[in-house]
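Participant: The structure is given below, and queries will be raised subsequently.
The values are calculated or read from the model by the stated rules, or taken from the named source; none is laboratory data. Values in this document were obtained by computation on a predicted structure and should not be read as measured data. Methodologically, a virtual Cβ is constructed for each residue, glycine included, from the backbone with ideal geometry; neighbour enumeration extends over all protein chains shown. Note: accessible area is taken over every heavy atom of the protein model, side chains too, but ligands, DNA and RNA are not part of it. Shrake-Rupley method; radii C 1.70, N 1.55, O 1.52, S 1.80 Å.
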Amino acid sequence: LDYLILGYASPSLIDLLLQNGADPKTDRSLRNASLRGDPALVEKLLALGVDPNRRGPDGSTALWSASTSGFYSWGNRQTSTIDNYVRCVRLLLQHGAKVDVAITDSEGLLWLLVRSFWKDERLKLILVELIPYSSKSAINSAYDLSVKFGNSQGSSDLSAWLGQFVRP
């Protein structure tokens with residue numbers, strides 16, 4: 001099931017597998033649905049009781065996949081729109097996904113996102129979903145990194161935007 005999800009199998013084939021006993025609770029199905037940016041499939045898997053905080057072999061969760069995948073190109077595969085990844089992030093958070101366990105990196109998901117994608121304006125669309133579910137220290141850490149990058153690169157756009165969440 002998880003292989004077919006990642007391979008962009010048709011929804012009808014995925015439904016057929018689910019109806020015939022495929023168990024998305026025991027594999028990487030939710031992570032792969034998030035990676036592919038498929039909010040309808042993410043919602044279906046969450047409705048089936050898949051744990052949104054289940055970790056993959058690398059220690060990351062579906063929230064990490066949904067938060068980062070919209071910024072990468074996947075070879076010759078067409079990636080989903082950033083809006084679909086935002087919807088996946090929102091669904092995961094609404095179903096109990098925790099920002100603080102999304103990755104094993106001690107700096108946290110927000111910091112990783114800022115470090116990796118700080119020049120991409122679309123990052124704000126993901127961050128605005130994650131910030132209400134994030135600790136104050138995680139937000140401050142991401143802000144501090146954005147200030148560092150902004151000062152070194154001559155662009156303070158992201159730090160100015162993040163500042164609204166740091167200073168009440």
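Participant: Considering lysine pairs in region 33-168 that are 8 or more places apart or on different chains, how many have Cα atoms under 23 Å apart?
Facilitator: 8
Participant: Could you check how much of the accessible area of region 76-126 is carbon and sulfur, as a whole percent, using a 1.4 Å probe? Could you put the intermediate results ahead of the total?
Facilitator: Working: 1180 of 2680 Å².
So the carbon and sulfur contribution to the accessible surface is 44 percent.
Participant: In the chain, with Lys and Arg counted as +1 and Asp and Glu as -1 at Cβ, which of these residues, L6, S135, V166, has the Cα nearest the positive end of the dipole, that is, farthest along it?
Facilitator: V166
Participant: Now for a different question. Name the most mobile residue of V89, V101, V128, meaning the one with the largest mean-square fluctuation, in a Gaussian network model of the chain with Cα contacts below 10 Å.
Facilitator: Among V89, V101, V128, the largest GNM mean-square fluctuation belongs to V128.
Participant: To the nearest 10 square angstrom, how much accessible area does K98 have with a 1.4 angstrom probe?
Facilitator: The accessible area of K98 comes to roughly 110 Å².
Participant: Which of L110, L48, L130 ends up with the largest GNM mean-square fluctuation for the chain, with Cα atoms connected below 10 Å?
Facilitator: Fluctuation is largest for L48.
Participant: Write down the accessible area per residue of region 67-168 in Å², having rolled a 1.4 Å probe over the full set of protein chains.
Facilitator: Counting only protein heavy atoms, the per-residue value for region 67-168 is 53 Å².
Participant: Assign unit charges at the C-beta atoms only (+1 for Lys and Arg, -1 for Asp and Glu), then state the dipole size of region 20-168 relative to its Cα centre in Debye, rounded to the nearest 20.
Facilitator: With only Lys, Arg, Asp and Glu charged at Cβ, the dipole is about 60 debye.
Participant: Which of G49, G37, G150 moves the most in a Gaussian network model of the chain with Cα springs under 10 Å?
Facilitator: Result: G49 has the largest fluctuation of those listed.
Participant: State the Cα centre-to-centre distance between region 110-168 and region 50-101 in whole Å.
Facilitator: 18
Participant: Would you mind classifying region 11-106 by shape? Square roots of the alpha carbon gyration tensor eigenvalues, ordered a ≥ b ≥ c; an a/c under 1.5 is rounded, otherwise it is prolate if a/b is larger than b/c and oblate if not.
Facilitator: Because a/c hits 1.5 or more and a/b fails to exceed b/c, region 11-106 counts as oblate.
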